1. Could you tell me the extents of segment 4-114's C-alpha atoms along the three principal axes, largest first, rounded to whole Å?
2. When a footprinting reagent is the concern and you count Cβ atoms within 10 Å, what order do Trp24, Trp154 take, fewest first?
3. In nm, what is the difference between 0.36 nm times the number of residues separating Tyr169 and Glu7 and their Cα-Cα distance?
4. Out of every Cα-Cα pair in the chain, what percent are more than 22 Å apart?
5. Which of the pairs Lys50/Lys136; Lys22/Lys136; Lys22/Lys124; Lys58/Lys136; Lys124/Lys161 have their Cα atoms more than 20 Å apart in this structure?
6. Cβ under 15 Å from Val59's Cβ, Val59 left aside: what net charge do those residues give with Lys, Arg +1 and Asp, Glu -1?
7. With N denoting the number of residues in segment 56-143, provide Rg(C-alpha) divided by 2.2 N^0.38 Å, to two decimal places.
8. Using the Kirkwood radius built from alpha carbon pairs, what does the Stokes-Einstein equation give as D for segment 112-173 at 10 °C and 1.306 mPa s, in µm² per second?
Amino acid sequence: MDYFAHETAVIDPGSEIGSGTKIWHFTHIMTGSVIGESCNIGQNVVISPKVVLGRNVKVQNNVSVYTGVVCEDDVFLGPSCVFTNVTNPRSAVVRRGYYVNTRVCQGATIGANATIICGNDIGKYSLVGAGAVVTKPVPPYALVLGAPARVVGWVSEYAHKLQFDEDGYAVCPETGQGYRKTDEGVMRVL
């Protein structure tokens, strides 16, 4: 075993866990889930079957990541954020097998207590603010806030709010990386 699991964690047989990953108190990793290298899975977390977490994914306390969710490398899932995987749930209607997929792209952050309605992909390096309710796809580098979540700005790969000049160019104050804003969205430039 080349990962750490707290003694209260439940790791079902048939799950894959990458080296250097840490799994904390009262967490359940279910059969068929895949967790990459160097992840940190907080307390009271559930990783459901067929969930895929890339490398260096941070899952904070009290998060349930349901079947249909894929998180790419370097994703941050804030405390108590919520994923759904059925668009029209009913207790009396079995919808197992009709899950709607959600992809959280590389480097994205989902803030504390945010809710992600299934089928809405979260773009790379975007930032979903605390308590936001995502009801439509989030573009790369977007900063979204509110319920329903709306784009209120753009962020760098280091999560600094970008200030674009009249030519649509911005620089990350921490890294000096440049970004270009067009009608199609925001992209990093060399």
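Quick note: the coordinates plus some simple rules give every number you see, no bench work behind them. None of these values were measured; they are calculated from a predicted model. Cβ sites come from the backbone with ideal geometry, for glycine too, and all protein chains shown count toward neighbours.
1. 40, 29, 20
2. Trp24, Trp154
3. 53.3 nm
4. That tail contains 47 percent of the Cα-Cα pairs.
5. Lys50/Lys136; Lys22/Lys136; Lys22/Lys124; Lys58/Lys136
6. Charge balance in the 15 Å sphere: -1.
7. 1.03
8. After rounding, the answer is 134 µm²/s.
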